[in-house]
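Engineer: Starting off with a structure, shown below.
What follows is calculated from the coordinates using simple rules that are stated; it is not laboratory data. Small disclaimer: the values here were computed from a predicted structure and weren't measured. Ideal geometry is used to build each Cβ from the backbone, glycine not excepted, and the neighbour counts take in all protein chains shown.
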Amino acid sequence: MKGSKPTNTNGRVSDLQSRVTKAEAEGQLNNTRRGLLHAILDNAEETYFLSSRELAKLYDIDAATVVRTVQALGYERFADFASALRQHFVTRITPYRAMKIATQEGRTPADHVIRSLDKDLENMNHLRERLDVDQLLRAARHIRRARRVLVVGLDFVASLAVYLDYGLTVVGIHSEAPVGTSGNLLHKLRILNAKDVLVAISFGRCLRETVNAAIQAKAQGVLTLGITDSELSPVARFCDMHLLTTVANPSLTASYAAAMSLVNALIVACAHITPKRSLDVLRQGEQSYFEDDRWYENDARRVANSRQAGNARASIRRK
């Protein structure tokens with residue numbers, strides 16, 4: 001488990017880095033512990049969400065060694081170390097650094113594509129194994145009972161917010177995902193009350209506007225649901241309840257494949273908690289699936305009918 005001394009590209013040294021440096025200087029780390037810590041820090045994007053047993057399995061050592069190494073740094077519990085590792089990761093990773101690390105691995109573009117797909121599958125399996133289904137169902141019940149649902153997701157995760165909003169609307173839930181300026185979001189927030197639900201979606205360090213929206217909504221008595229990647233993230237800390245999914249990616253800062261699956265699972269839960277209500281709403285749109293003008297087949301049919309009518313008129317004129 002060899003590794004170079006961990007560095008921070010933004011000039012700030014994390015608490016975890018400081019502890020490792022101090023422990024090395026004071027001779028508190030043997031070769032095994034030093035190698036383990038450098039391996040963990042150098043691959044923080046792959047290790048920050050792992051348990052002590054998962055770390056032990058990854059580096060082919062026993063879990064007791066992981067725990068003793070953590071304690072050598074002054075952390076009483078592994079959870080404290082995990083929190084510091086996550087903070088180390090989110091304060092140092094950027095799209096540039098993530099891609100720079102990936103390009104130094106000597107892989108071909110095809111290798112990176114396959115590795116990215118493999119990581120997406122791994123993230124989805126991780127979600128499948130660790131999803132708190134009971135928590136998801138509780139969230140779905142709150143959403144079903146809500147007068148209005150406001151979904152807040154900005155930048156990359158705006159796509160998740162729009163998808164959740166659309167899916168909830170399809171099954172008859174009054175939902176909205178504000179777009180545009182921060183002022184527009186603030187105006188939407190002001191009219192929420194205890195009968196409503198706010199869903200805040202953000203990962204990593206979490207965007208300030210999303211976190212502030214959750215804080216403001218909670219202060220107004222609104223139930224808040226966070227979708228994020230860690231128990232320790234600002235979204236998880238400030239929301240009444242939260243759902244977790246990893247967004248780790250080997251080449252860029254995040255992959256939202258598992259997050260999209262989580263959002264879809266939430267929509268499915270909302271639909272099936274009150275199936276009669278969902279079916280009543282869906283029944284109203286049933287006919288549009290066969291007759292609605294938005295479908296391409298209908299355009300093709302109109303062209304064909306128009307062509308047939310034109311041929312008929314031409315035939316009459318010739319006669």
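Engineer: Subtracting the Cα-Cα distance from 0.36 nm times the residue separation, let me have the gained length for TYR296 to LEU232 in nm, one decimal.
Structural biologist: Full-extension gain reported as 18.3 nm.
Engineer: May I ask you to derive the FRET efficiency for ASP280 and TYR96 from their Cβ-Cβ distance with R0 = 45 Å, giving the value to the nearest 0.05?
Structural biologist: 0.35
Engineer: How far is the Cα center of segment 233-268 from the Cα center of segment 60-130, in Å?
Structural biologist: 16
Engineer: Let me ask something else. Could you work out how far helix 208-219 tilts from the main Cα principal axis of the chain, as a 0 to 90 degree angle to the nearest 10?
Structural biologist: Roughly 80 degrees between the two axes.
Engineer: Taking the convex hull of the alpha carbon atoms in segment 15-93, what volume per residue do you get, in Å³?
Structural biologist: Value for segment 15-93: 77 Å³ per residue.
Engineer: Calculate how steeply helix 78-92 sits against the longest principal axis of the alpha-carbon atoms of the chain, using the helix alpha-carbon long axis, and give the answer as 0 to 90 degrees to the nearest 10.
Structural biologist: That helix lies at roughly 70 degrees to the long axis.
Engineer: Would you mind estimating how fast segment 127-283 diffuses translationally, via Stokes-Einstein at 25 °C and 0.890 mPa s with the Kirkwood radius over Cα pairs, in µm²/s?
Structural biologist: Taking Rh from Cα pairs, D becomes 159 µm²/s.
Engineer: Taking 2.2 N^0.38 Å as the expected size of a compact globular protein, what ratio does the Cα radius of gyration of the chain give against it, to two decimals?
Structural biologist: Relative to the rule-of-thumb radius for its length, the chain sits at 1.30.
Engineer: What angle do you read, to the nearest 10 degrees and between 0 and 90, between the alpha-carbon axis of helix 296-318 and the longest principal axis of the chain?
Structural biologist: Once rounded, the angle reads 30 degrees.
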